[in-house]
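Chemist: Structure below; questions to follow.
The values are calculated or read from the model by the stated rules, or taken from the named source; none is laboratory data. Small disclaimer: the values here were computed from a predicted structure and weren't measured. In this analysis, Cβ positions are derived from the backbone assuming ideal geometry, glycine residues included, and neighbour counts consider all displayed protein chains.
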Amino acid sequence: MTAPQHPRPETAQTLDRGLQVLLELGRPGGAGGLTVSELAVRLEVSRAVVYRLVTTLEHRAFVSRSEDGRYRLGLGVARLQYAVRPVLVDVARPVLQELADRTGATAHLTVAEGDQAVALLVTEPSWTDLHVAYRVGSRHPLERGAAGRAILEGRHGHPDRATTTTGELQLGAHGVAAAVPAVPGLEASVGVVTMGPPPPVEELVLAAARSLGSRLTGGPADSVG
């Protein structure tokens, strides 16, 4: 017996294409922006259609056009990111707690704000008496510290690399972090920080970053390791 065919719900094509533009601009490694011609190829529509879309999005500050004619995500997207941060924190909390408990180190979720890395969530291991204090809201340049450098790795298309640093933010502190992969519009990293020689936790950090990315995109809630 043939299964009944359910009609697809009606959608707004223009809105859908506008969302596709934002998704394309938000892909990992897309910080360099895209031209109208490049977007037209990716969306498989004419340049005239793309021009109308980006003009509308630019009017609402969801995209911005630089002097070289390339379009990038605009501050309007950042404002939406602030609105969803409580959801991001709720989803990330169990992932970070598991990472902290498995490594015995302070774990953190860091997001990019312009050229700054900002700690959005910090969890401490539940079974240790001594661990590094790390303040929510602390910020530093993306080029310093494992958390920021990991975000840059993700921006350049390498979210599968763990980044390790020593003493860049605090004397004697060691950081290991990895970019959260495959979440359009989100530039973030998951990491741990310790005092003294860091334990071999790169794979656990990478697994935590992948688990958070999967949870945020509706995938299976994988364990850290």
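Chemist: Kindly establish whether V111 is buried (at least 18 other Cβ atoms within 10 Å of the Cβ), touching a strand residue (DSSP E or B) at 6+ places or on another chain (Cβ under 7 Å) and closer than 19 Å to E187 by Cβ. Even if it seems obvious, please write down each step before you answer.
Modeler: Working: buried (at least 18 other Cβ atoms within 10 Å of the Cβ): yes; touching a strand residue (DSSP E or B) at 6+ places or on another chain (Cβ under 7 Å): yes; closer than 19 Å to E187 by Cβ: yes.
Here the answer is yes, as V111 does meet what is asked.
Chemist: Could you go through region 131-144 and let me know if any residue there is touching a strand residue (DSSP E or B) at 6+ places or on another chain (Cβ under 8 Å), assigned to a strand (DSSP E or B) and among the polar types (S, T, N, Q).
Modeler: No, every residue in region 131-144 fails to be touching a strand residue (DSSP E or B) at 6+ places or on another chain (Cβ under 8 Å), assigned to a strand (DSSP E or B) and among the polar types (S, T, N, Q).
Chemist: Pick out the one residue from P125, P159 that is of a type outside the set (F, W, Y), closer than 23 Å to G213 by Cβ and in contact with a His (Cβ under 9 Å, 6 or more places away or on another chain). Spell out how you get there, then give the answer.
Modeler: Details: P159 fails: in contact with a His (Cβ under 9 Å, 6 or more places away or on another chain).
Just a single option satisfies the conditions, and that option is P125.
Chemist: Please find, within region 44-85, the residue that is surrounded by the most Cβ atoms within 10 Å (Cβ to Cβ) out of those that are aliphatic (A, V, I, L, M) and within 22 Å of H156 (Cα to Cα). Even if it seems obvious, please write down each step before you answer.
Modeler: Of region 44-85, the ones aliphatic (A, V, I, L, M) are 45, 48-50, 53-54, 57, 61, 63, 73, 75, 77-78, 80, 83-84.
Next, from what is left, pick out any that are within 22 Å of H156 (Cα to Cα): 63, 73, 75, 77-78.
Working: V63: 26, L73: 23, L75: 13, V77: 18, A78: 15.
This residue is V63.
Chemist: Note down all Cβ pairs under 8 Å where the first residue falls in region 55-75 and is more than 15 Å from T14 (Cβ to Cβ) and in contact (Cβ under 8 Å) with a residue 60 or more places away in the chain, the second is in a helix (DSSP H, G or I) and aliphatic (A, V, I, L, M), and they're at least six residues apart or on different chains.
Modeler: So the pair list comes out as L73/L22; L73/L25.
Chemist: Hey, can you tell me all the residues within region 158-187 that are closer than 20 Å to G74 by Cα and not aliphatic (A, V, I, L, M)? Spell out how you get there, then give the answer.
Modeler: Taking region 158-187 first, the residues closer than 20 Å to G74 by Cα are 182-187.
Once the filter is applied, which keeps residues that are closer than 20 Å to G74 by Cα and not aliphatic (A, V, I, L, M), region 158-187 yields P184, G185, E187.
Chemist: Enumerate the strands (runs of 3 or more DSSP E) found wholly within region 145-225, keeping only those where 3 or more residues are without any contact (Cβ under 8 Å) to a residue 60 or more places away in the chain.
Modeler: On the way: elements: 163-166, 173-179, 188-195.
Answer list for region 145-225: 163-166, 173-179.
Chemist: Being touching a residue at least 60 places away in the same chain (Cβ under 8 Å) and within 30 Å of G74 (Cα to Cα) is the filter here; which residues of region 87-106 pass it? Steps first, answer last, please.
Modeler: Within region 87-106, the first condition is being touching a residue at least 60 places away in the same chain (Cβ under 8 Å), and the residues that meet it are 88, 91-92, 95-96, 98-100, 102-106.
Selection gives L88, V91, A92, V95, L96.
Chemist: Within region 37-67, count every residue that is in contact with a Gly (Cβ under 8 Å, 6 or more places away or on another chain) and not small (G, A, S). Explain how you work it out, then say what you get.
Modeler: If we filter region 37-67 for residues that are in contact with a Gly (Cβ under 8 Å, 6 or more places away or on another chain), which is where we start, we get 53, 56-58, 60-64, 66.
Subsequent filtering for residues that are not small (G, A, S) retains 53, 56-58, 60, 62-63.
Here the count works out to 7.
Chemist: Listed residues V224, V190, V183; which is buried (at least 16 other Cβ atoms within 10 Å of the Cβ), at pLDDT 95 or above and closer than 14 Å to A92 by Cα? Outline the logic, then answer.
Modeler: Numbers: V224 fails: at pLDDT 95 or above; V183 fails: at pLDDT 95 or above.
Just one listed residue meets the conditions, V190.
Chemist: Check off (1) among the hydrophobic types (A, V, I, L, M, F, W, C); (2) out of contact with any Leu (no Cβ under 8 Å at 6 or more places or on another chain); (3) under 24 Å from R102 (Cα atoms) for A188 and give me the number that stays unchecked.
Modeler: Against the list (1) among the hydrophobic types (A, V, I, L, M, F, W, C); (2) out of contact with any Leu (no Cβ under 8 Å at 6 or more places or on another chain); (3) under 24 Å from R102 (Cα atoms), A188 comes up short only on (2).
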